[in-house]
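K.L.:
I'd like to ask some things about the structure below.
The values are calculated or read from the model by the stated rules, or taken from the named source; none is laboratory data. What you see is a predicted model; the values in this text were computed from it and never measured. Ideal geometry is used to build each Cβ from the backbone, glycine not excepted, and the neighbour counts take in all protein chains shown. Surface areas here come from the heavy atoms of the whole protein model, side chains and all, with no ligands, DNA or RNA. Shrake-Rupley method; radii C 1.70, N 1.55, O 1.52, S 1.80 Å.
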Amino acid sequence: MAHRRLSQRVVVPVMFISTVFMVIVDGAITTVALPAIGRQFQLAPSGLDGVVVVYPVAVAVAVPASAWLGDRLGGKQLLLGSMALFALFSALCGAAATPGQLVLFRALQGLAGGLLTPVAGTLLFRTFSARERVRASRIMIFPQQIAPALAPILGGILVDGLSWRWVFYVNLPLGLLAVAFGLYFLDHHRPDDLRPGASAPRFDFPGLLLSAAGLALLTYGICSGANRGWTSPGILVSLFAGAALLAATVLVELRTAEPLLRLRLFQNRLFRDFNLITLIGLVPFMGAMFLGPLFIQDALGGSALDSGSSTFTEAFGVLLTVQVGGFLYTRIGPRVIIGTGLLGVTAVLFLFSTCDLHTSLWTFRLYMFLLGVAMGGVFMPTTVAALSTIARTDMGQASTLNTVVRQTSIALAPALVTTLLVIGGVQASGSVSSSGSSSGSSSGGTGAGPSLAAYQHTYLVLALICLVSAVYAFTLRDTAARHAAGHEQPAEVAEATASVG
């Protein structure tokens, strides 16, 4: 047939790269457009919170249903349908005439985006065997690193040369091209192909209601807490209610025969342990990526271009190390690679904590490159090892849970950084600096923002978290993951896979 002229080992990675690139660029490029959006609608920075927060909240609502919808509709239908909706709602965001319309369309865009990443990951890991995923992941890391590096530059060009609306319009042609490619070349991926004679599972409405509400409330509390105040009534209610609903989700899903979220997968030791590494270990890295531009622009007084060009070097470090990590994966195992990478991140974060007002941009760029080199040893091995002993039929559920873990970590990072900087700013404004040079010249010394010491202490806290993650990583057992990537599944891998249901 015509649509089979390309191997699915080419088609599926193309669809995965298109999906990840579009979703990551959209998130990063929207941040660049916020000042222009505020001027357009005459909104203060606090008035833009809705545009910023509604997207991750909507993603949190949609993610729990992604595995069930993929099983029900088929991977191809869900991926292409979600991508078409994502592109459509992006265009509507660009055409929004009022702030309310922008928030509404941004929420709808988030619902579509919440389905895209899990289903794309599911197709990818179902297409490649455990042995092939290491090699495939060395290529798949490219869009995940290039996209956030290019997004600020692309956003600046579109906002300055055209208008803020084009940061949303740009998704329409990209999305439609990807949909057209998928319609023609992508094969159908249905669960019935994986489980002959099996019917689609019943919809777990209680599981959806509890998990979606819990994740949405917790995400809102985490994303808004630093700006609105962690002790404000709305944030406290959101955090405690979200945590309570997620606790109820665990109880309900473990007692449900066909749960929306197959939490029993966490009985798989590798899946559980390496997802925990992702949850904790990703926070220091993402925190440093969030903190870097703030330090350059607020503490050093650099421009947005200085900031973008200085953080860009991180991507080159990651791309370099991922290739080496893929070569070493089956030789020394993910445990040593991840642990060493996290120790490297810890060391670089300590270097960042020594930056002051006299630190040159080239020194900062070198540190960002070294941060990427170290973190490149963590990205690929954690994902490959976590899914190495998951049955192919459970890959949709595993991808969904993995997405929930990553989204939680990504939300925690800026919340932690912002909170530490706010605390540092409060302490600086309430005390008189004993040093008349560096601290007095920083923004924090005048009470206008965090002090230089606040940035340095934040880097130190991130380094401490990373050190704890590194120590934990070295305690993990990874024999099954090494065998799954290097050979046909041995008895211990088959047993580990069969024990999860």
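K.L.:
Roughly to the nearest percent, how much of the accessible area of the stretch 217-267 is carbon and sulfur, given a 1.4 Å probe?
P.N.:
That fraction is 69 percent.
K.L.:
Equivalent ellipsoid semi-axes for the stretch 244-294, as square roots of 5 times the alpha carbon gyration tensor eigenvalues: give them largest first, rounded to whole Å.
P.N.:
They are 31, 14, 7 Å, listed from largest to smallest.
K.L.:
Let me ask something else about it. Assign unit charges at the C-beta atoms only (+1 for Lys and Arg, -1 for Asp and Glu), then state the dipole size of the stretch 222-318 relative to its Cα centre in Debye, rounded to the nearest 20.
P.N.:
Once rounded to the nearest 20, the dipole reads 480 debye.
K.L.:
To continue, here is another question. Find how many whole Å separate the alpha carbon centroid of the stretch 387-418 from the alpha carbon centroid of the stretch 254-270.
P.N.:
14 Å
K.L.:
Right, something else. Sort Ile296, Ile24 by heavy-atom solvent-accessible area, probe 1.4 angstrom, most to least.
P.N.:
Ile24, Ile296
K.L.:
Please give the per residue accessible area of the stretch 16-100, computed with a probe of 1.4 Å over protein heavy atoms only, in Å².
P.N.:
So the stretch 16-100 comes to 35 Å² accessible per residue, rounded to a whole number.
K.L.:
Next question, about the same structure. Taking +1 at the Cβ of each Lys and Arg and -1 at the Cβ of each Asp and Glu, which of Leu319, Ala288, Leu239 sits farthest along the dipole of the stretch 225-344 towards its positive end, judged by Cα position relative to the Cα centre?
P.N.:
In the stretch 225-344, that residue is Leu239.
K.L.:
Rank these residues by their accessible area, most exposed first, probe 1.4 Å: Arg392, Arg165.
P.N.:
Arg392, Arg165
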